[in-house]
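Working notes for the structure below.
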Amino acid sequence: MRNGRSSWFESLSARLFVVTIFAILVVEFVVFLPSAASYRQNWLNERIQAARIAALSLEAAPSRMVSEELSNELLERAEVLAVAELSDDMREQILPPTMPLDGPTKQIDLMEEGMLGAIGETIATWGAPDDRMLIIRAMGSAPGRVLEIVVPESPLKHGLIAFGWRILGLSLLISLTAGGIIYLLLFFLVVRPMQRVTASVIQFQKDPASWTKRLSPTPRRDEIGLAQNALADMESAVSDTLRQRERLALLGEAVAKINHDLRNTLATAQLASDALSTSDDPRVQRSVPRLERALERAIKLASETLKYGRSNTPEPRLQTVNLHQATTEAAQEALSQQPDTRFENTVPDHTDATADPDHLHRILANLIRNAAEAQDGHGEVMVRQCEKGLEICDRGPGLPAKTLENLFKPFAASSRRDGSGLGLALSRDLARSMGGDLELIETGPEGTCFRLVLP
């Protein structure tokens, strides 16, 4: 199994983050070359300006001659090795070098150098030998004159390297900051919605008829919103179709069982009818109750089966519902035929939840009625609030072990002899349609407890 780090690096959000940083660094590199060329140009201009100032200081000297000590001082302050001025093919050494210039040299004419040439010379400087000297030519003190200075290239090279490291650090800071901001924006606007869509598709693939992970529509009108709404409509249509087919399949199986049960039940009714043909027979008094019970079971089984086969779970209309009041109303209906059942509603008076009032009423009435009938109408039913919703408990004998495996399957989990097994299945469908669920918490000799999870 892959760990969390590897899955994060393979996610869309991580790739967007890396691509964003890479794109910013590429842009910074493109911008860096002109910036480095500008740094080199400023460095050369500073040396030329210092050489011009040193040359102007000779104008005040007699015959434009200064001592060797002063000449060396001027060269040191200007950070140059020599200064000369050219005019009409004549060369005038203004400040001679203090030592022989024997190393490799490179000539630079700033009067003819363009931007592309400056960028190329900047790149060449990074690979230049440390002992190379630059012979720089620029405009002189008068028209037609050219100022020529000799400077060591090593300070320029080291300055460009330091400048590059500073720009690299700043670029990394900018790229990480911008990448983080763009990553967050893309995550909330693109990645997270796509994650919801992907999770819904995966869940839908596993269980197309599920209510819990069905994708909800979105008010967004961009491409992601259109895709999510289209997927939500598709999931709803396919899920309803599959559920309808499942109902039809279950109905076909149930009809076969009903036919068998009806034949037995009607056979009993036929025997009772035969007994009624002779009203003076004392067995009439015993046959009439049997006939009534048999017909009642047949009618109830047929009506609930037909109702389940042709009806769909209605779409919920969620709103704020007072749980205490809804529980009380459901109990009044469910226990109308069980007056001896003790009911306890411990839900606080002002507890609200988001639910469909009709769905909630049907679920609670069915669970409370089942709990009362499990105790033959003489037990105790309690409804209390829990962290996820409501818990409906009784003090009955518990559910038989054979019903637990198919507890929420229609026609398969009734624990009563005359039950159809539809109540819990319909109740869970209603709960899931609201975004909740219906769960069995515990069952045993001390009672049974269901949890109704509410959104």
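The values are calculated or read from the model by the stated rules, or taken from the named source; none is laboratory data. Just so it is clear, the structure is predicted and the values come from calculations on it, not from any experiment. Here Cβ is always computed from backbone atoms with ideal geometry, including for glycine, and neighbour counts include all displayed protein chains. Keep in mind that these areas ignore ligands, DNA and RNA; they rest on the heavy atoms of the full protein, side chains included. Shrake-Rupley method; radii C 1.70, N 1.55, O 1.52, S 1.80 Å.
Which residue, chosen from H378, A401, N345, occupies the Cα position most advanced towards the positive end of the dipole of region 343-455, where the dipole is computed from +1 (Lys, Arg) and -1 (Asp, Glu) charges on Cβ about the Cα centre?
A401
Express in nm, to one decimal, how much length is gained between E79 and R91 on full extension, taking 0.36 nm for each residue of separation and deducting their alpha carbon distance. Show your work: numbers first, answer last.
Numbers: separation 12, 0.36 × 12 = 4.32 nm, distance 2.12 nm.
Answer, rounded to one decimal: 2.2 nm.
How charged is the neighbourhood of Q337? Take every other residue with its Cβ under 13 Å from the Cβ of Q337, and add Lys/Arg as +1 and Asp/Glu as -1.
Net of charged neighbours comes to -3.
May I ask you to derive the FRET efficiency for Q107 and Q195 from their Cβ-Cβ distance with R0 = 56 Å, giving the value to the nearest 0.05?
The formula returns an efficiency of 0.35 here.
What are the residues whose amide H is under 5 Å from the amide H of A82, where those residues sit 5 or more places off or on another chain and H is modelled from the backbone?
V150
Ignoring ligands and nucleic acids, what accessible area does D109 show with a 1.4 Å probe (Å², nearest 10)?
50
Counting only protein heavy atoms and using a 1.4 Å probe, what share of the accessible area of region 118-202 belongs to carbon plus sulfur, as a whole percent? Please report the intermediate quantities before stating the final value.
Numbers: 3300 of 4360 Å².
Using a 1.4 Å probe with all protein chains present, region 118-202 comes out at 76 percent carbon and sulfur.
Label L176 and A23 with points 7 Å out from Cα along Cα→Cβ: what is the distance between them in nm?
2.1
Which value in nm describes the separation of the simple spin-label points at S154 and A249, placed 7 Å from the Cα toward the beta carbon?
Between S154 and A249, the simple spin-label model gives 8.7 nm.
M139's amide H: which non-local residues (gap 5+, or another chain) put their own amide H closer than 5 Å, with H modeled 1.01 Å from N in plane and none for Pro or chain starts?
HN-HN under 5 Å from M139: L147.
Given a Förster distance of 25 angstrom, what is the FRET efficiency for A162 paired with L116, based on the Cβ-Cβ distance and rounded to 0.05?
Efficiency, rounded to the nearest 0.05: 0.55.
What translational D, rounded to a whole number of µm²/s, comes out for region 94-217 from Stokes-Einstein when the hydrodynamic radius is the Kirkwood one over Cα pairs, at 37 °C and 0.692 mPa s? Kindly include the intermediate steps, with their values, before the conclusion.
Numbers: Rh = 20.6 Å.
For these conditions, the coefficient is 159 µm²/s.
On full extension of the chain, what length is gained from Q332 through V31, given 0.36 nm per residue of separation minus the C-alpha to C-alpha distance? Let's see the in-between values first.
Values: separation 301, 0.36 × 301 = 108.36 nm, distance 7.83 nm.
Stretched fully, the Q332-V31 segment lengthens by 100.5 nm.
Going by amide H atoms built from the backbone, whose H comes under 5 Å of the H on C386, apart from near neighbours?
Long-range HN contacts for C386: E391.
Heads up, I need the accessible area for D88: 1.4 angstrom probe, whole protein in place, Å², nearest 10.
140
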